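Worksheet: one structure, shown below.
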Amino acid sequence: MTKLLLSLHVLAAVVAVGPVTVAASMFPPAVRRAGAGEPGTVRLLHRICRVYAGAGIAVPLLGLATASAMGVLGDAWLTASIALTAAAAGVLAVAVLPRQEELVERLDGGEAVERAATVRLAMLTGVFNLLWATVTVLMIVRPGSTTGA
């Protein structure tokens, strides 16, 4: 059962989190390239982020089930990963997605978007991606883990 849960957890991470990190990274430059009133690509990238962020909820759920099956729920590397995952989800839900929505609405309304707005969004997206990269490293390296990997 552990191998199945771990496989599902990794697949969910690749299938759900991967597209969000890529689409979110592509969003700010796409806004800069889009003319006012022409947000087609920008709207698509935002939709990808929203939909896959929702699907991404499966990643920590499957991760907790896997950790429970492996008996590592109390390990420091897992606690750190959970905290970083929560932080990444918070950055995405509170900062990245709302700012994307705002920029899509501005483009839809025919407004120009100043470069500073896209630079701030790119920075927040970078923080989100860095948090996920750190979680990925912790999942692989598992400092202090006694599982032998």
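The values are calculated or read from the model by the stated rules, or taken from the named source; none is laboratory data. Please read these numbers as outputs of a predicted model, since none were measured by experiment. Methodologically, a virtual Cβ is constructed for each residue, glycine included, from the backbone with ideal geometry; neighbour enumeration extends over all protein chains shown. Protein only, heavy atoms only, side chains kept; ligands, DNA and RNA dropped before computing areas. Shrake-Rupley method; radii C 1.70, N 1.55, O 1.52, S 1.80 Å.
Just one of (1) over 13 Å from the mean Cα position of the chain (by Cα); (2) at pLDDT 95 or above; (3) buried (at least 17 other Cβ atoms within 10 Å of the Cβ) trips up Ala67, so point out which.
(2)
Looking at the range 70-125 only, could you name the residues that are small (Gly, Ala, Ser), surrounded by 14 or more Cβ atoms within 10 Å (Cβ to Cβ) and over 14 Å from the mean Cα position of the chain (by Cα)?
Ala80, Ala117
Would a scan of the range 101-120 turn up a residue that is assigned to a helix (DSSP H, G or I), closer than 19 Å to Pro19 by Cα and in contact with a Leu (Cβ under 6 Å, 6 or more places away or on another chain)?
No: zero hits.
For the range 1-14, name all the residues that are open to solvent by 40 Å² or more (accessible area, probe 1.4 Å) and either among the basic types (Lys, Arg) or within 11 Å of the chain's Cα centre (by Cα) (or both).
Within the range 1-14, Lys3, Val14 meet the criteria.
Tell me, please, whether a residue that is modelled with pLDDT of 95 or more and closer than 27 Å to Arg115 by Cα can be found in the range 76-88.
For the range 76-88, residues modelled with pLDDT of 95 or more and closer than 27 Å to Arg115 by Cα: present.
All but one of (1) part of a helix (DSSP H, G or I); (2) touching a residue at least 40 places away in the same chain (Cβ under 8 Å); (3) farther than 27 Å from Glu38 by Cα hold for Val72; state the number of the condition that does not hold.
It fails just one condition, (1).
Can you pull out every residue in the range 21-55 that is open to solvent by less than 30 Å² (accessible area, probe 1.4 Å), part of a helix (DSSP H, G or I), under 17 Å from Thr118 (Cα atoms) and in contact with a Leu (Cβ under 9 Å, 6 or more places away or on another chain)?
If the condition is that a residue be open to solvent by less than 30 Å² (accessible area, probe 1.4 Å), part of a helix (DSSP H, G or I), under 17 Å from Thr118 (Cα atoms) and in contact with a Leu (Cβ under 9 Å, 6 or more places away or on another chain), then Ala23, Ala24, Phe27, Pro28, Ala30, Val31, Val42, His46, Cys49 are the ones that fit.
I'd like the full set of residues that are under 14 Å from Val51 (Cβ atoms) and among the charged types (D, E, K, R), limited to the range 92-109.
The answer is Glu101, and nothing else.
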